[in-house]
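Structure record follows, encoded as structure tokens.
The values are calculated or read from the model by the stated rules, or taken from the named source; none is laboratory data. Keep in mind it's a predicted model, so treat the numbers as computed, not measured. Because the Cβ atoms are built from the backbone with ideal geometry, glycine has one as well, and the counts that use them run over all protein chains shown. The area values use the complete protein model at the heavy-atom level, side chains included, leaving out ligands, DNA and RNA. Shrake-Rupley method; radii C 1.70, N 1.55, O 1.52, S 1.80 Å.
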Amino acid sequence: MARDESGEGWSLRIKFDDFDGREHVARIALSDIHKSNSDLRPRLANMGLDIHPLGKGFNALFARLVSVKERSIIVRKPGWRPGRKKFVTPAGVMIGVEDGEGVYLENAFTDQTAGNLDGQLAAWGIALHHGGAHHFIGCLAGVAGALVQFINLGSTPIIALTGTSSHGKTTSMMLAAGGFGYPDILPKGKESRGSLLHSLRSTENAVEYLAERSNGTFCGLDETALFDLKRLESLIFMLASGSGKNRMRTDATERETKSWESFGMISSEHPVAKSVETASGEQARVGFSMRVADINIDGYRPIPEADYIKMRRLLLANYGHVGPAFVKALVESGRPETIREAIDVKVSALAGEGASPLVQRSAGVFGVLWQVGEMLGKARLLPAAIGDGEIERRIHEIWKRGRVPTGGVAVREQAARDARFS
């Protein structure tokens, strides 16, 4: 017997083998059992449940099943459960304290692990040794969403990698997506497998669904040029806020709003604020630059071809290990408040004494990444050559490169005003 987190949506979750011995799991709403079986019988028979066409035991079977004592909760998104003692991965794997009640992720992704942790860290090692700062960002960003939700940050940090093609923007996002699962954009027909990296050839409504499915993990949106740029500013504000639109049912009752706490990355050939201003003909809002950190990658060298081929081969053969291991480290730490305080110290160090709220907010995303890097290092989830000192150096380098707001005249003027009155 299963139900949702609000105690409604009661259903049966059944598991059975088909005629070839393959396992199937089906969720059947109790309301469907009380209806005519004209729809339910064909559905289950199509999945391979052995139902005799003339048999009369079908109703009796479900009459017995609804009396089972086992209980589980069906959740619609991955991430931390209340109390931060349990975490559900995008593949539906539960990490954390066992308390006798199962948690199942609706429409869980499949095939989200391959190879082993050492192989994934070997891929990271090549990227971090030969690549630029954006590859470093990618490795950290892939697990940062787990920290964001763990400490209840209240918003989704977003980094925009901008610059010309073939400099590693998508590769950086692949490194990130591999933290919890398959590290690439899925081709058509493979969507049920699931990935945390998506093409932005999509609508704002569709991105709501993708963002919710990235809760507690990573949301990668590649190529803003494929999106309606007039809606890009609205998309960024929505993604950062962690909440979708309010919607009503046909009976005038309110639908449950999609929500998420994650870490986002987008890619663009041009600075995102400039893209917004060009498409709309208006200056980007001041708050825009506070919600997305724009990092131009043109000055960084690409990974040499031979090393890139080796890294990509390793990456596609070893993924889905660092994220769950990082979650286990967070469970063992057990102190969200202490982690939040450590991030605040790092943000202050980056922003500098007397920094304006605009600069402090902009530094927030890098403070989170800095903390993630330190915790990955302590958990031995980074290549051995990347110690605490190297993490700090790289974060400061990236911060200095991306700290100037790029949101047009209005943002620059606001930043100047903040500096005068801080």
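Taking packing as the residue-averaged number of other Cβ atoms within 10 angstrom, the listed peptides 383-395, 10-22, 117-129, 176-188 run from highest to lowest as 176-188, 117-129, 383-395, 10-22. Peptides 257-265, 229-237 ordered by packing proxy, namely the average of other Cβ atoms within 10 Å per residue, highest first: 257-265, 229-237.
Pairs with C-alpha atoms separated by more than 23 Å, drawn from the list K86/K378; K169/K400; K77/K230, are K77/K230. Ignoring aspartates and glutamates fewer than eight residues from K190 along the same chain, the ones with Cα atoms less than 18 angstrom from its Cα are E106, D111, D222. Here's how it looks for N296: its modeled amide H is under 5 Å from those of T162, which are all 5 or more places away or on a different chain. Ignoring aspartates and glutamates fewer than eight residues from K69 along the same chain, the ones with Cα atoms less than 16 angstrom from its Cα are D99, E101. Which distance in nm do the two modelled labels at R231 and D4 give, with both placed 7 Å along the Cα-to-Cβ direction? For R231 paired with D4, the spin-label model returns 2.4 nm.
Over segment 41-129, what percent of the accessible surface lies on carbon and sulfur atoms, probe 1.4 Å? Here carbon and sulfur together make up 54 percent of the probe-accessible area.
Just to check I understand the Karplus step: with θ = phi - 60° and J = 6.51 cos²θ - 1.76 cosθ + 1.60, what whole-Hz values come out for segment 21-31, glycine and proline as x? Karplus values, whole Hz, x for Gly and Pro: x, 7, 7, 10, 10, 10, 10, 10, 5, 4, 4. If you plug the beta carbon distance of F19 and E353 into 1/(1 + (r/R0)^6) with R0 = 51 Å, you get a FRET efficiency near 0.10. Checking the cross-link pairs K85/K258; K35/K258; K15/K35 against a 25 Å limit on the alpha carbon distance flags K35/K258 as lying beyond it. At full extension, T110 and M94 could sit 4.3 nm farther apart than now, given 0.36 nm per residue minus the alpha carbon distance.
All Cα-Cα distances of the chain, cut into 20 Å bins from zero to the largest, leave 25, 53, 20, 3, 0 percent in each bin in turn. Positive contributions from Lys and Arg (+1) and negative ones from Asp and Glu (-1), summed over other residues with Cβ under 11 Å from the Cβ of S155, come out at +1.
Would you work out the charge dipole size for the chain about its Cα centre, treating the Cβ of every Lys and Arg as +1 and the Cβ of every Asp and Glu as -1, and quote it to the nearest 20 debye? It works out to roughly 320 debye.
Extension gain, S202 to E282, is 26.5 nm, computed as 0.36 nm per intervening residue step minus the present C-alpha separation.
Taking label points 7 Å from Cα along the Cα-to-Cβ direction, H52 and A29 give a separation of 3.1 nm.
Extension gain, D307 to S72: 0.36 nm times the residue separation minus the Cα-Cα distance gives 80.0 nm. Per residue, the accessible area of the chain comes to 47 Å² when a 1.4 Å probe rolls over the protein heavy atoms. Only helices enter this figure: runs of n ≥ 4 DSSP H residues, each worth -39500 (n - 2.57), summed and divided by the residues of the chain, yield -13500 deg cm²/dmol at 222 nm to the nearest 500. Proximity of backbone amide H atoms, modeled 1.01 Å from N, is registered between A114 and Y319 at under 5 Å, excluding neighbours fewer than 5 places apart on the same chain.
Projecting each Cα onto the charge dipole of the chain (Lys/Arg +1, Asp/Glu -1 at the beta carbon, about the Cα centre), which of S195, H396, F58 comes out farthest on the positive side? Highest projection toward the positive end goes to F58. Determine the shape class of segment 307-347: with a ≥ b ≥ c the square roots of the Cα gyration tensor eigenvalues, call it rounded for a/c under 1.5, and otherwise prolate if a/b is greater than b/c, oblate otherwise. It comes out oblate by the Cα gyration axes.
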